[in-house]
Ligand SMILES: [Zn+2]
């Protein structure tokens, strides 16, 4: 559900007019010239040059929010931005005068109303979006006392963090994302865990697992540039042999626990192109593919990207 804060909006527009003296003057001039020429060109002048649309209309935790921004006759060359809480998300031009920003949501956040502030071309628009709760499955893991599981190395954490932080202006992907492996989905996104009866409040399953047979092909769900190839021998203790793809504009994918890797860093891959094979390398208890999809650094549910086109 999207509600627009109209009072605030009106105030912002008023503020915009008083601050943007040049705009007023230019519009005033157009108005004057229009009257002199006796042509009703003033009728086509936009009252509100910043239009915002959000999808999906009823988001749940784990969904990717897409904020579509239209600017009529933008006067500056700077892209709009969308701010929410402490974070500011970049908007990229996807058509003439049309921009889009993605906002990730995760199971670690609270459901409820989220305020967004869209800034573009000297104007500000405040929006509120209701993000609904979602029941994520819970797993109970019991580890023997003193056994904490495999710890990631500094090196693998650094390399993976660099991948997730990418905000490449180029948009590589187009249309819906494909399944990266033919196996059935064995673990969905967002599963929460208890370890020895204690709720792991920072843990959620950051992706989806496919139970593909060992050695079965792992393919690119969408076009992108290979930005990470990591191997157990380099210290990828948790991820195992891993491939990371930069789809552009803050969207990245990671493929973990591979037995084999068929690409190298810098390769530009097409949808369906072979990346490697399913394995059980790293922190894995059996052959499976883990696919994580990251939007502006946070793990979102990849499944909506399989059925809906994110422009
Ligand atoms: Zn997984």
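Read the figures in this text as sums done on the coordinates, not as results from a lab. Fair warning: this is a prediction, and the values are worked out from it, not measured in the lab. Quick reminder, even Gly has a Cβ in these numbers, built from the backbone with ideal geometry, and neighbours come from all protein chains shown.
Can you give me the Cα centroid spacing of segment 249-311 and segment 89-115 in angstrom?
About 22 Å separates the Cα centre of segment 249-311 from the one of segment 89-115.
Per the Kirkwood formula on distinct C-alpha pairs, the Rh of segment 250-311 is how many angstrom?
About 13.2 Å, per the Kirkwood formula over Cα pairs.
For the residues 154, 265, what sequence is obtained by ranking on other C-beta atoms within 10 Å, fewest first?
Ranking 154, 265 by Cβ neighbours within 10 Å, fewest first, gives 154, 265.
Counting other C-beta atoms within 10 Å, which of 298, 163 has the fewest, and how do the rest follow?
298, 163
Among 54, 256, what is the fewest-to-most ranking by other Cβ atoms within 10 Å?
By the 10 Å Cβ count, ascending: 54, 256.
For segment 150-194, list residues with backbone N below 13 Å from a point placed 7 Å from the Cα of residue 211 toward its Cβ?
Residues 183-188 fall inside that zone.
Can you pull the three principal axis extents for the Cα set of segment 156-240, in Å, largest first?
Each principal axis gives a Cα extent; for segment 156-240 these are 44, 31, 28 Å.
Roughly speaking, what is the stretch gain from residue 142 to residue 260, that is 0.36 nm per residue apart minus the C-alpha to C-alpha distance, in nm to one decimal?
39.4 nm
What ratio of Cα Rg to 2.2 N^0.38 Å holds for segment 53-182?
1.35
Per the Kirkwood formula on distinct C-alpha pairs, the Rh of segment 138-307 is how many angstrom?
16.1
Working from the pairwise distances between different alpha carbons, so that the mean of 1/r is found and then inverted, what is segment 231-282's Kirkwood radius in Å?
Computed over Cα pairs of segment 231-282, the Kirkwood hydrodynamic radius comes out at 11.5 Å.
How many nm is it between the label spots at residue 73 and residue 162, if each spot is 7 Å from the Cα in line with the beta carbon?
Each label point lies 7 Å from its Cα, and together they span 4.7 nm.
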